[in-house]
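A.B. asks: Please see the structure below; I have some questions.
The values are calculated or read from the model by the stated rules, or taken from the named source; none is laboratory data. Small disclaimer: the values here were computed from a predicted structure and weren't measured. Here Cβ is always computed from backbone atoms with ideal geometry, including for glycine, and neighbour counts include all displayed protein chains. To get the accessible areas, we keep the full protein, side chains included, count just its heavy atoms, and leave off ligands, DNA and RNA. Shrake-Rupley method; radii C 1.70, N 1.55, O 1.52, S 1.80 Å.
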Amino acid sequence: MSFAGEVKAELCRAKLGRKCCAQAEACGVLLYCNRFSLSEVKIVTESPAFAQRLPGLFRKAFGVEFDEKGDPDTPGKRIFTISAPEKLALLWELCAFDPSGPAHHINFGMLEETHCRLAFLRGAFLAGGSVTDPQKGYHLELATTHLRVSRELDTLLLELGYAPKETTRKANYITYFKQSEAIEDLLTAIGAPVSAMELMNAKAEKLLRNGVNRRVNCEAANVDKTVDAALEQRRAIQILRDRGALETLSPKLREAAQLREAHPELSLAQLAALCEPPVTKSSLSHRLRKLIQLSAQDTAP
């Protein structure tokens, strides 16, 4: 099951409590389903949990049954329809649409309480929502074919403390979020706290993995620098040896050359600790640079 499917399954585990919330949720479904017109309601879903919830939801909210429910034993999409004129008239009346337009809009009179607003968002997500697997990215969207509904949903979300973005895709008006924190908060609010926690865990894993990768890359880069520097220093020492200049160096420079040749894999700090007496990393670095400078002078024309 996809992550979006898991979210919808979790949302559908919420009990059908107050009738006002059931009506708000059902109106969210109607405004974000495949078709809601004067002649037909058509809801298409691949979610078994949503398909199981729909009949009870519409029965509690409006006291109506679907004219067609699809075959529950057939895998894949299920289609729910209402085409009876008296049922459609009731839905239009209760959801406060304007039949003279007809222009769909959100009935804010039905959403005065916060719990009803969240129920409406739950229904909208179940019918027209999707959310990306957090292992791949952060994106939650609600898609409707009704322009006014999309604009009014933005207002509703802003009143609840969210800051959505808008776009269009073909004939759909999209309200979406890309901030992981907003998606987590919204999923928790509409009844999917477990999915929200899964998103948080995925984000934490990404941050940890990225941090580890940065440290590994940094350490690898430092190792490369150490190896390159050690090779340059050993080449300089070999040049001085070939020129017979090693024995003429000061005791401190000879010690630095001997330690580097004996321990090519050690860092400057480790080599500095082997000096007699131990010196600072900066002091040893100065001595090794002096060896490189002397080797360059010896080989200069």
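A.B. asks: Can you find, among LEU249, ILE239, CYS218, the residue sitting farthest towards the positive end of the charge dipole of the stretch 198-250, where Lys and Arg contribute +1 and Asp and Glu -1 at Cβ?
C.D. replies: CYS218
A.B. asks: Then there is this: Once you charge only the Cβ atoms, +1 for Lys and Arg and -1 for Asp and Glu, what is the size of the charge dipole of the stretch 65-200 about its Cα centre, to the nearest 20 debye?
C.D. replies: Working: 13 positive and 20 negative charges, 100 e Å.
Rounded to the nearest 20 debye, it is 480 debye.
A.B. asks: Restricted to Cα positions, what overall size does the stretch 1-63 have along the principal axes? Three whole-Å values, descending.
C.D. replies: That gives 34, 26, 15 Å along the principal axes, largest extent first.
A.B. asks: Here's another thing I want to ask about it. What is the gain in length, in nm to one decimal, between SER250 and ARG35 on full extension, counting 0.36 nm per residue of separation less the C-alpha to C-alpha distance? Please list the in-between numbers first.
C.D. replies: Values: separation 215, 0.36 × 215 = 77.40 nm, distance 9.05 nm.
Extending this stretch completely gives an extra 68.4 nm.
A.B. asks: Report the charge-dipole magnitude of the stretch 171-301 in Debye, nearest 20, computed about the Cα centre from +1 at each Lys and Arg Cβ and -1 at each Asp and Glu Cβ.
C.D. replies: Working: 18 positive and 16 negative charges, 100 e Å.
Charge dipole of the stretch 171-301: 480 debye, to the nearest 20.
A.B. asks: Tell me, rounded to the nearest percent, the portion of alpha carbon pairs in the stretch 234-301 spaced more than 17 Å apart.
C.D. replies: Working: 795 of 2278 pairs.
The calculated P(r) of the stretch 234-301 puts 35 percent of pairs beyond 17 Å.
A.B. asks: For the chain, just the Cα atoms, rotate onto the principal axes and tell me the three extents in Å, largest first.
C.D. replies: 109, 38, 33
A.B. asks: A follow-up question, please. Just the accessible area for LEU158, please: 1.4 Å probe, Å², rounded to the nearest 10?
C.D. replies: Surface open to solvent at LEU158 totals about 110 Å².
A.B. asks: With a Förster radius of 22 Å, plug the Cβ-Cβ distance of ARG13 and HIS115 into 1/(1 + (r/R0)^6) and report the FRET value to the nearest 0.05. Display every interim value, and only then the final one.
C.D. replies: Values: r = 17 Å, r/R0 = 0.76.
Calculated value: 0.85.
A.B. asks: Of the options GLN52, LEU158, CYS27, report the single residue whose Cα projects farthest towards the positive end of the charge dipole of the chain (beta-carbon charges: Lys, Arg +1; Asp, Glu -1).
C.D. replies: Result: LEU158.
A.B. asks: What would the Debye formula give as log10 I(q)/I(0) at q = 0.09, 0.20, 0.21 Å⁻¹ for the alpha-carbon point model of the stretch 167-301, no solvent?
C.D. replies: Listed by q, the Debye log ratios stand at -0.51, -1.10, -1.15.
A.B. asks: Give me the percent of the accessible area of the chain that comes from carbon and sulfur atoms, probe 1.4 Å, all protein chains in place.
C.D. replies: Values: 8350 of 15980 Å².
Solvent-exposed carbon and sulfur of the chain make up 52 percent of the total.
A.B. asks: When the label point is put 7 Å from the Cα of GLN297 along its Cα-to-beta-carbon vector, which residues of the stretch 271-291 have a backbone N closer than 19 Å?
C.D. replies: From the stretch 271-291, the list is 284-291.
A.B. asks: Quick one: check the C-alpha center-to-center distance for the stretch 222-301 versus the stretch 44-98, whole angstrom.
C.D. replies: Measuring centre to centre over Cα atoms gives 82 Å.
A.B. asks: Residue by residue through the stretch 267-282, which ³J(HN,Hα) values in whole Hz follow from phi under the Karplus form 6.51 cos²θ - 1.76 cosθ + 1.60 (θ = phi - 60°), with glycine and proline marked x?
C.D. replies: 6, 4, 4, 5, 5, 4, 6, 8, 5, 10, x, x, 10, 7, 4, 5
A.B. asks: Which peptide among 2-12, 266-276 comes first, and what is the full order, when sorted by highest mean count of other Cβ atoms within 10 Å? Kindly include the intermediate steps, with their values, before the conclusion.
C.D. replies: On the way: 2-12: 19.8, 266-276: 15.8.
Ranking the peptides 2-12, 266-276 by packing returns 2-12, 266-276.
A.B. asks: For the pair LYS136/GLU181, report the inter-label distance in nm, with labels modelled 7 Å from Cα in the Cβ direction.
C.D. replies: Taking the simple label geometry, LYS136 and GLU181 are separated by 2.6 nm.
A.B. asks: Quickly work out the ALA84-to-ARG151 label distance, labels modelled 7 Å from Cα along the C-beta direction, and quote it in nm with one decimal.
C.D. replies: 3.6
A.B. asks: Residue-wise, which Karplus ³J(HN,Hα) couplings in Hz belong to the stretch 130-147, taking 6.51 cos²θ - 1.76 cosθ + 1.60, θ = phi - 60°, and x for glycine or proline?
C.D. replies: Coupling constants for the stretch 130-147: 8, 9, 6, 4, x, 5, 9, x, 10, 7, 10, 9, 10, 10, 9, 8, 10, 4 Hz.
A.B. asks: A follow-up question, please. Return one number: the angle in degrees, 0 to 90 and rounded to the nearest 10, between the long axis of the Cα atoms of helix 19-32 and the longest principal axis of the Cα atoms of the chain.
C.D. replies: 70
A.B. asks: Treating only the Cβ of Lys, Arg, Asp and Glu as charged (+1, +1, -1, -1), what charge dipole size does the chain show about its Cα centre? Round to the nearest 20 debye.
C.D. replies: Numbers: 40 positive and 37 negative charges, 162 e Å.
My answer is approximately 780 debye.
A.B. asks: Suppose each label sits 7 Å from its Cα in the direction of the beta carbon; what would the ALA262-LYS165 distance come out to in nanometres?
C.D. replies: Result for the modelled spin labels: 6.2 nm.
A.B. asks: By accessible area of protein heavy atoms, probe 1.4 Å, what ranking do LYS60, LYS178 get, highest first?
C.D. replies: Values: LYS60 75, LYS178 110 Å².
Reading off the accessible areas and sorting them downward yields LYS178, LYS60.
A.B. asks: Continuing with this model, one more query. Pop the C-beta distance of LYS225 and THR188 into the FRET formula with R0 = 51 Å and round what comes out to the nearest 0.05.
C.D. replies: Details: r = 47 Å, r/R0 = 0.92.
So, using R0 = 51 Å, E works out to roughly 0.65.
A.B. asks: Please identify, among GLY28, GLY137, GLY128, the residue showing maximal mean-square fluctuation in a Gaussian network model of the chain using a 10 angstrom Cα cutoff.
C.D. replies: Maximum among the listed residues: GLY137.
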